[in-house]
Amino acid sequence: MKLHNFRKHLHQNPELSNLEQQTAQRIIDYITPLNPDRMLTGVGGTGVVVVFNGDQPGDHVLFRCELDALPIHEKNNFAHRSNTDGVSHKCGHDGHMAILCGLAEKFAQNRSFCGQRILLFQPAEETGEGAIAVTKDEQFKNLKIDCCYALHNLPGLPMGQVQIRSGTFNCASQGMSIQLTGITAHAAYPEKGRSPAMAMIELLQQLTDMGDELDSDELQMVTVIYCKMGEQSFGTTPHQAEIGITLRTEKNQMMSKLKSRVLSIAKSIAAQHRLELDSQDHDVFLASVNDEVCAETVAKAAVKTGHEVIWLDEPIRWSEDFGAISAMAKGAMFILGAGEDNPQIHHPEYDFPDALIEPGIDVFYEIAQSHQK
């Protein structure tokens, strides 16, 4: 019940990516009485790392959760609803933090394990910045991680069902904004300017059609997110248009190829219409790739703790920046079902189910117990 109340407290006080100072402090306050062997703060920004040493040498095994909330206004009316307008825990990171705090309690109670058990409370997962920042932090590099694990709850699945696969688990993705710039003119003399209107239409069409044209055995996607041109000024022919897209691939190597292809198409269209072209990258997520042995470890731990296990044939399309962590050390991420009747993550009425806290702790702890050599 203590963890349930703590989860609700975290839910009431959400903070956006890279602003999680108070959330990090709440984690520090909760774990300090457990007397961990080390606690690192300010990791990758606001991140917190907690280390418990076993009584014998062995693997350094990391378990990771996220600190940040989303810029979504909560529509729930329960007592623990968000106190911050326009910000709420709609991805379940409050529950993930509670799971790791419960795991910390177990490690504190029983030090008869080999190696180290490391808990990472990571900032800025939602923007893709946090894991990369953590891996660049010297404090983190010095930990010398052998294996790493993470979970994500997912509504729409039976409560506690575990979904796993080896190889790519979460796709790589990145946003891209493309600007087409011409010359402004009076609306009565559009021929004296250089409007990007037709170029924008052509580019939108080609980007939309790319999904049907991509020839590959692995997943590749181009999704148009927004487009805009001009403003409500009826006497002016606009000179600039912008298109936002999200690129998604199964593997990191394919992402660079897909990005090059998109830019090649955009450059060709811009040149045909005598427009300047510029582009920026946003929200870059590496693919999260599961090690085969670590994936098997997750599956065995789930079965041992009484959970149904589903092996996936294809990767999860949405991205997770745990890929930056698992690129440093072999690891695995898995899905934990959050109930079939719960609203989906990122929905304004979603709330992490407290009934999932103990199962999450159990699976993680059993994974830890398997690393006893």
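As a rough guide to protection, the peptides 312-319, 171-178 ranked by mean Cβ packing within 10 Å, highest first, stand as 171-178, 312-319.
May I ask for the angle, rounded to the nearest 10°, between helix 292-304 and the longest principal axis of the chain, with both axes built from Cα atoms and the value confined to 0 to 90°? For 292-304 against the chain, the angle is about 50 degrees.
Between the helical axis of 252-272 and the longest alpha-carbon principal axis of the chain there is an angle of about 10 degrees. In plain terms, the chain from residue 347 to residue 198 could stretch by 50.0 nm, reckoned as 0.36 nm per residue minus the Cα-Cα distance. When both segment 171-193 and segment 81-156 are represented by their alpha-carbon centers, they are found 42 Å apart. Using alpha-carbon pairs under 8 Å, 6+ residues apart, how would you state the relative contact order of segment 172-284 in percent? Over segment 172-284, the number comes to 43 percent.
Take the alpha carbon atoms of segment 210-281, find their center, do the same for segment 324-373, and report the distance between the two centers in whole angstrom. With segment 210-281 and segment 324-373 each reduced to a Cα centre, they are spaced 35 Å. With a Förster radius of 30 Å applied to the C-beta separation of residue 79 and residue 340, the computed FRET efficiency comes to 0.75.
Of the trypsin sites (Lys or Arg not before Pro) found in segment 249-298, those in coil by DSSP whose Cβ has at most 15 other Cβ atoms within 10 Å are 274.
Between residue 38 and residue 234, full extension at 0.36 nm per residue minus the direct alpha carbon distance yields a gain of 64.2 nm.
Any read-out appearing in this document is the output of simple, stated calculations on the displayed coordinates, not a laboratory observation. Bear in mind that the values here come from a model prediction, so they are computed numbers and not experimental data. Note that we place each Cβ from the backbone using ideal geometry, even for glycine, and neighbour counts take in every protein chain shown.
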